[in-house]
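> Quick one: this structure, given as structure tokens, is what I'll be asking you about.
The values are calculated or read from the model by the stated rules, or taken from the named source; none is laboratory data. It should be emphasised that the depicted structure is a prediction, and the values quoted were computed from it without experimental measurement. Cβ coordinates were reconstructed from backbone atoms using ideal geometry, including for glycine residues, and neighbour counts include every protein chain displayed. Each accessible area value is taken on the protein alone, full model and side chains, heavy atoms only, with ligands, DNA and RNA left out. Shrake-Rupley method; radii C 1.70, N 1.55, O 1.52, S 1.80 Å.
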Amino acid sequence: MIQIIPAIDIIDGRCVRLSQGDYSRQKVYDAVPEDMVRRYADCGVTRVHLVDLDGAKASGPRNLRTLEKLAGLSLVKLEWGGGIKDETALRSVFSAGGDYAVVGSTAALHPELFKVWLTAFGPGKMVLGADLKDGAVAVNGWLESTALGIDELVDAFLPCGLSQVICTDISRDGMLQGPSDGLYTRLQEKYPMVDFTVSGGIASMADIERLDASGLRKVIVGKAIYENRIALDDIRSFIEGR
């Protein structure tokens, strides 16, 4: 059954959500990251997706103090993305308590470095972040596009054992209009050895149930929770129904 992974996007230590990756269209929520992790763990969630939006635009992670606090709770596994552009940054994420490191821009722009990390740290800890804008991989906080497609990116890292990919359709992210089902189904069928995480557009439990029925393995849910489109009780019931 598909694994639900709630998202916490962070700017200045606060929970926020963007629309289509646009930093000028951000909404700040009253929720405190630590409280959200406690609530997620209480309803059976075992993995939380954290995005350092400050770090995504900067030269390195900017909210590691928040990561340390969340890791100190010892309630869930934490995957961290944003600002991991060199090995010092990568090690700082793991040192702060991250269980998985999501690498996007560096993997696309410096593939040989990401291959080294996959080998050194293992595919069990390294996650490829592939964020798509009009079919092309976007980098640097989604502010720039490359000429790469996701298939080309995945193919480059399969020989190094790549096993985890988070694919975000930026056009759907934060829009609550449903995910790009066809994209994820195609990728999962083409690369059965890789766990693809659906990211962007989840608006209801019906979306999650449909993805589950299609054989997808992981899904990130963010704004739908904050906007009360999906209740934590719904997530609990889904998890307990496994």
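> What part of the accessible area of the chain, given as a whole %, is carbon or sulfur when the probe is 1.4 angstrom?
Working: 4570 of 9760 Å².
Carbon and sulfur atoms account for 47 percent of the accessible area of the chain.
> Please report the Cα spread of the stretch 13-168 along all three principal axes, rounded to whole Å, starting with the longest.
So the extents along the principal axes, rounded to whole Å, are 39, 35, 28.
> May I pose another question? Check D131: other-chain or 5+ apart residues with amide H under 5 Å from its amide H, H built from backbone geometry?
A138, T168
> If you restrict to DSSP beta bridges whose two residues both lie in the chain, what percentage is antiparallel, to the nearest 5? It would help to have the intermediate numbers written out before the result.
Numbers: 12 of 43 bridges.
Roughly 30 percent of the beta bridges in the chain run antiparallel, per DSSP.
> Next question. Once phi is turned into ³J(HN,Hα) by the Karplus curve 6.51 cos²θ - 1.76 cosθ + 1.60 with θ = phi - 60°, what whole-Hz value does each residue of the stretch 37-47 show in order, with x for glycine and proline?
4, 4, 5, 5, 4, 5, 9, x, 5, 10, 8
> Along Cα→Cβ, 7 Å out, is where each label goes; now give me the distance between the ones at R229 and R65 in nm to one decimal.
About 3.3 nm separates the two model spin labels.
> Any idea what the dipole of the chain comes to, in debye rounded to 20, about its Cα centre with Lys/Arg Cβ at +1 and Asp/Glu Cβ at -1?
That gives a dipole near 320 debye.
> As I understand it, the dipole of the chain uses +1 on the Cβ of Lys and Arg and -1 on the Cβ of Asp and Glu, about the Cα centre. Which of A147, I10, L113 lies farthest toward its positive end?
I10
> Still on this structure: Quick one: how many lysine pairs in the chain have C-alpha atoms under 18 angstrom apart, if they're 8 or more apart or on different chains?
Lysine pairs satisfying the spacing and distance rule in the chain number 12.
> What value, in deg cm²/dmol to 500, does the helix sum -39500 (n - 2.57) over DSSP H runs of n ≥ 4 give at 222 nm once divided by the residues of the chain?
-10000 deg cm²/dmol
> Taking the inverse of the average 1/r across all pairs of different Cα atoms in the stretch 179-242, what Kirkwood radius in Å do you get?
Result for the stretch 179-242 stands at 12.2 Å.
> Additional query: Only sites in a loop by DSSP and with at most 14 other Cβ atoms within 10 Å count here; which trypsin sites (Lys or Arg not before Pro) in the stretch 74-158 make the cut?
Sites meeting the loop and neighbour criteria: none at all.
> Please find the FRET efficiency linking D35 to A213, where r is the Cβ-Cβ separation and R0 is fixed at 30 Å, and quote it to the nearest 0.05.
Result of the calculation: an efficiency of 0.40.
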